[in-house]
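The values are calculated or read from the model by the stated rules, or taken from the named source; none is laboratory data. Everything numeric here is computed off the predicted structure, so don't read it as measured data. Here the Cβ is made from the backbone with ideal geometry for all residues, glycine too, and neighbour counts use every protein chain on show. To get the accessible areas, we keep the full protein, side chains included, count just its heavy atoms, and leave off ligands, DNA and RNA. Shrake-Rupley method; radii C 1.70, N 1.55, O 1.52, S 1.80 Å.
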Amino acid sequence: MEQRIRVLVAKPGLDGHDRGALVVAQALRDEGMEVVYTGLRQTPAQIAAAAVQEDVDCVGLSCLSGAHNELFPEVVRLLKEQGADDILVVGGGVIPQEDIPFLKEHGVAEVFTPGTPTSITADFIRAHVKRKRMTFQKAPKKIAHIGIAVKNLEAALPFYIQHLGLTLLGTETVESEQVRVAFLGIGGSRIELLEPTSADSPIAKFIDKRGEGIHHIALDVEDVEERLRSLQTNGIPLINETPKPGAHGSQIGFIHPRAAGGVLFELCQYPDAAAGKEEGKHE
Ligand code: ZN
């Protein structure tokens, strides 16, 4: 479902040293990326053509010869000319600090000078690749629940139970969110009333700011971790980059409301789905 980030590591210009480029190429492979290396002394035209042909997400240019101010912008220009300006271009090598603003103005997203840990380069690439190769085609299974912020569960429950006729399935304290939750069943979904258990609870802050009301919509998904990673790769702002424990033994992660016009979405994976996988493993 998820495809790896593909990176072209290229050496434009005339210098004959590629040890640094090879180290970066191997480090990016170790970070789980697919890396294509062009070899030495490539022209910008050869590099742009290879990037398009190899369908990469990112081009990493390394230059030690001092010609980076001509060569890097030329690669950016040629990519644009071929309609591939969604390919991220980053640079490295011996590049004086004073040249970096010029390169950035000319479309180089970032420049990594010698000594930059390769993990920083990899993180930057992951955060900035624009190609949407990790989007999910598969819809969430259903709305798991709608979360409603209330000041006091006991005061709020009678409306739902006596007047809407919903069944109270139980209550649970979720330490990670500092909330006490009442679960009300409705078809295959639930309404969850959320009462803050401390003033630091995100629910307490929500009520302070906006009053009681709908707080979030939770979607039932099968692989919360992979989805969060995919969303992050696609530049969707997240509150949680990795899953954390939710109610009923679930693993959850929140997408930042900026991503959805102010609506807070939660991704929820219930243990059933994971148990299914576990069983699969033993077969
Ligand atoms: Zn929730």
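Among R29, R210, R190, the largest mean-square fluctuation in a Gaussian network model of the chain (Cα springs under 10 Å) belongs to R210. Rounded to the nearest 20 debye, the dipole magnitude of the chain is 420 debye, with +1 charges on Lys and Arg beta carbons, -1 on Asp and Glu beta carbons, and the Cα centre as origin.
The Cα atoms of segment 140-233 give a gyration tensor whose axes a ≥ b ≥ c have a/c of 1.5 or more with a/b no greater than b/c, which makes the shape oblate. On a per residue basis, segment 142-281 carries 51 Å² of accessible surface, using protein heavy atoms and a 1.4 Å probe.
With each label modelled as a point 7 angstrom along the Cα→C-beta vector, the T242-A259 pair spans 1.8 nm. Between the residues H17, F72, V52, the greatest Cα displacement towards the positive end of the dipole of segment 6-135, with unit charges on the Cβ of Lys, Arg, Asp and Glu, is found for V52. Each of R41 and F102 was given a label point 7 Å from its Cα along the Cα-to-Cβ line. The distance between the two points is 2.5 nm.
Cα centroids of segment 31-67 and segment 109-182: 37 Å apart. A cut-off of 5 Å between modelled amide H atoms, ignoring neighbours fewer than 5 places along the same chain, links H215 with G147, I148, A149.
Rounded to the nearest 20 debye, the dipole magnitude of segment 6-135 is 260 debye, with +1 charges on Lys and Arg beta carbons, -1 on Asp and Glu beta carbons, and the Cα centre as origin.
Taking a ≥ b ≥ c as the square roots of the Cα gyration tensor eigenvalues, segment 142-183 comes out oblate, since a/c reaches at least 1.5 and a/b does not exceed b/c. To the nearest µm²/s, what D does Stokes-Einstein give for the chain at 25 °C and 0.890 mPa s, using the Kirkwood radius over alpha carbon pairs as Rh? My calculation gives 112 µm²/s for D. Relative contact order of segment 142-281, taken over Cα pairs closer than 8 Å and 6 or more residues apart, is 23 percent. Using C-alpha pairs under 8 Å with a sequence gap of at least 6, the mean separation divided by the residue count of the chain gives a relative contact order of 14 percent.
Measuring between alpha carbons in the structure, the pairs from K151/K244; K142/K209; K141/K209; K151/K209; K130/K244; K104/K130 lying more than 20 angstrom apart are K151/K244; K142/K209; K141/K209; K130/K244. Its DSSP H runs of at least 4 residues, each contributing -39,500 (n - 2.57), put the calculated 222 nm mean residue ellipticity of the chain at -9500 deg cm²/dmol, to the nearest 500. Descending by average beta-carbon neighbour count within 10 Å, the peptides 256-268, 211-223 line up as 211-223, 256-268, the highest first. Each peptide in 140-152, 165-177, 16-28 gets a packing score, the mean of other Cβ atoms within 10 Å over its residues, and the list from highest to lowest is 140-152, 16-28, 165-177. Of the heavy-atom accessible surface of segment 6-135 (probe 1.4 angstrom), what whole percent is carbon and sulfur? It is 54 percent, rounded to a whole number.
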